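Beneath this line is the structure, given in structure tokens, with notes to follow.
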Amino acid sequence: MATVEERVKQVTGRLLKIDPASIKTGDNFGADLGAESIQSVELVASFEEEFGIEMDEDAALAVTTVGSAVEFITQVCNEQGVQI
Amino acid sequence: MSSQIKKHPLIDTTEPNHIEDTFDYDLPPLIKFEDHPVTEYIDGKPVEFDFNSVKERDIVVTDTTFRDGQQARPPYEIDQMVKIYDMMARLGGPNGVIRQTEFFLYTKNDRETLDKCRELGHKYPECTGWIRAVKADFRLVKEAGLKETGMLTSSSDYHIFDKLKFKSRKECMDSYCEVVDAAFEAGVRPRCHLEDLTRADIDGFVLPFVDRLMEMSRQVPEELAVKVRLCDTMGFGIGSPNAELPRSIPKLIYKLNKECGVPSDRLEWHGHNDFHKVHTNATTAWLYGCDAANGTLFGIGERTGNPPVEGSIMEYIALKGGLCGIDTTVITEMAEYMRSIDLPIPENYPFVGKHFNTTRAGIHAGGLRQNERIYNIFDTTKLLGRPPKVAITDKTGADGIALWVNEFFGLTGDDRISKIKIHKLARWVLDQYEVESRLTSISDQELETQTRELMPDLWAKYKSPATANA
């Protein structure tokens, strides 16, 4: 089964139309991967769908890098009892 | 210069200061003055003005929608005027904040309108007339049974010599005073409209004429004493006491009030908007001693128009610090009625324009979504029945679209949905511009259709027939 990091990169690559393999943990969604404002919202919605979780809007949108997204999603999954 | 420089240390806090005592969201922002009078100079001598006196003074709004307002458009039908008068009575309330409105008396329709308005039985606005300062016109006032009439007593030499063709100022003044006498004899209070005052020779004609009016008024009962309307016919008035006559509004009022002795409750300001100063000038007149500010609904009047009555109403509340019986929601009804009788109102027009509290920028919509007070002037839902809105374009952003969706479904508090949940609709909107090269804003109907399609769960929850009937 894919790790949280792999799944985050797959979702990000699909939405931003870039190769998931080229995405690094330290990449910033906006500055490095080119996510525009609406795409940030779409990323959060796609992560919710991928992991079956509900994220706090403000907290989720405050996440700026791939690595911190992995940490944040892991924490939310644990809090909401979602197997990862 | 350097000695005036003062350090301003930061007053740090973690709690916002919303300045609530001025920006009470339930009212238009209050206009507050410091507790001491201001000293201004008139003719080189210091004079004190206490702007706080407006709280105690019986300042009022007077209306000329059916006179000056009607000079700027095709005539209203009788029923239309009666309907507008009825709404005006509700707007001004039982305390008569809209104290009077004036009517033409020349045609059968004019007189029938006046009768029908009076038949409604409202105490306010009181109905008054408007005539030229000629004796023949006065018969109309007597026949209508009015207690007060305005009369055109033009005051500039442009009017006295070039329009009315008097041979001298004395001949003009004598002629005006004859009609004032006729009014006294008939038991009607004359209201002398000093037409073109802000272009008149104040020392040479206006003050001597008003001196004479005051002398005549001392010979009659108080209820007949002459009122004086200061007419800024061409919009030349200036709000500064230091401006030269004839354009300084404070100076004009001071001289009529203090030097000629016309009390504030018999002084009225009537402005025009030729230089975009109309509303502020009317407020200036209130502050410097005119108790009545004359205007028209939505500012519709000769050429560029008059002070908007609804603007004066908001200013009145802001100065008085309370509604005083005013029903501001009628302003919205009036605007809708005006539109229904083919009187267009610009979309950005304050208080009633279609988009007066609509934001288009995404960054503003984001603020609105967090707290509507950030970008709404006051509680427009409560005072005008108009919640703040966002217009959807490529600049709106997810925040604005979330705001639209929440307003559309009527969601409040914890029920409001986040922008995460509306991302499909936000994408559709953006694609309209980025993919479809659209150049127009998106209508509510289009968004409604897309909402139904892209967010079926939400639609089923809040818009299904079962929910709608609940």
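The table for this structure:
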| read-out | value |
| --- | --- |
| Residue satisfying condition, being crowded, with 18+ Cβ neighbours inside 10 Å and more than 14 Å from chain B (Cβ to nearest Cβ), within set A:ASP32, A:ASP19, A:ASP27 | A:ASP27 |
| Only one of B:ARG67, B:ARG111, B:ARG99, B:ARG90 that is under 13 Å from B:PRO125 (Cβ atoms), modelled with pLDDT under 95 and either surrounded by 15 or more Cβ atoms within 10 Å (Cβ to Cβ) or not basic (Lys, Arg) (or both) | B:ARG67 |
| Residue in segment B:19-59 that is nearest to B:PRO350 (Cα to Cα), counting only those that are in contact (Cβ under 8 Å) with a residue 24 or more places away in the chain and among the basic types (Lys, Arg) | B:LYS55 |
| Test: residue in segment B:337-360 that is within 17 Å of the chain's Cα centre (by Cα), buried (at least 21 other Cβ atoms within 10 Å of the Cβ) and closer than 16 Å to B:GLY299 by Cα | yes |
| Test result for B:GLU436, away from every other protein chain (no Cβ under 14 Å), under 21 Å from A:GLU36 (Cα atoms) and either in a helix (DSSP H, G or I) or not small (Gly, Ala, Ser) (or both) | yes |
| Every pair of residues 6+ apart whose Cβ atoms lie under 9 Å, when the first sits in segment B:408-421 and is away from chain A (no Cβ under 14 Å) while the second is of a type in the set (S, T, N, Q) | B:PHE408/B:THR451; B:PHE409/B:THR451; B:THR412/B:ASN406; B:ASP415/B:ASN406 |
| Wholly within segment B:38-82, strands (runs of 3 or more DSSP E) carrying at least 3 residues that are over 18 Å from the mean Cα position of the chain (by Cα) | B:38-42, B:45-49 |
| Residue that is within 14 Å of chain B (Cβ to nearest Cβ) and in contact (Cβ under 8 Å) with a residue 40 or more places away in the chain, where the choices are A:PHE51, A:PHE47 | A:PHE51 |
| Residue within segment B:226-233 that is under 25 Å from B:GLU102 (Cβ atoms), touching an Asp or Glu at 6+ places or on another chain (Cβ under 7 Å) and in a loop (DSSP other than H, G, I, E, B) present | yes |
| Residue in segment A:74-84 that is outside any loop (DSSP other than H, G, I, E, B) and either among the aliphatic types (A, V, I, L, M) or within 14 Å of another protein chain (Cβ to nearest Cβ) (or both) present | yes |
| Subset tally (residues that are surrounded by fewer than 22 Cβ atoms within 10 Å (Cβ to Cβ) and part of a helix (DSSP H, G or I)) for segment B:320-330 | 2 |
| Single residue of segment B:381-404 satisfying the filter (more than 13 Å from chain A (Cβ to nearest Cβ) and assigned to a helix (DSSP H, G or I)) that is surrounded by the most Cβ atoms within 10 Å (Cβ to Cβ) | B:LEU403 |
| Residue satisfying condition, being within 30 Å of B:LEU91 (Cβ to Cβ) and among the acidic types (Asp, Glu), within set B:ASP444, B:ASP457 | B:ASP444 |
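Every residue, every condition in (1) surrounded by fewer than 19 Cβ atoms within 10 Å (Cβ to Cβ); (2) assigned by TED's automatic domain parsing to the domain that holds B:ALA282; (3) in contact (Cβ under 8 Å) with a residue 40 or more places away in the chain, yes or no:
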{"site": "B:ASP162", "(1), (2), (3)": "yes, yes, no"}
{"site": "B:ALA183", "(1), (2), (3)": "no, yes, yes"}
{"site": "B:ALA186", "(1), (2), (3)": "yes, yes, yes"}
{"site": "B:ASP211", "(1), (2), (3)": "yes, yes, yes"}
{"site": "B:GLU215", "(1), (2), (3)": "yes, yes, no"}
{"site": "B:VAL226", "(1), (2), (3)": "no, yes, yes"}
{"site": "B:ASN242", "(1), (2), (3)": "yes, yes, yes"}
{"site": "B:LYS255", "(1), (2), (3)": "no, yes, yes"}
{"site": "B:TRP269", "(1), (2), (3)": "no, yes, yes"}
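The values are calculated or read from the model by the stated rules, or taken from the named source; none is laboratory data. As the structure is a prediction and not an experimental result, all values here were calculated from the model. When we count neighbours, we look across all protein chains shown, and the Cβ atoms used for this are built from the backbone with ideal geometry, even at glycine.
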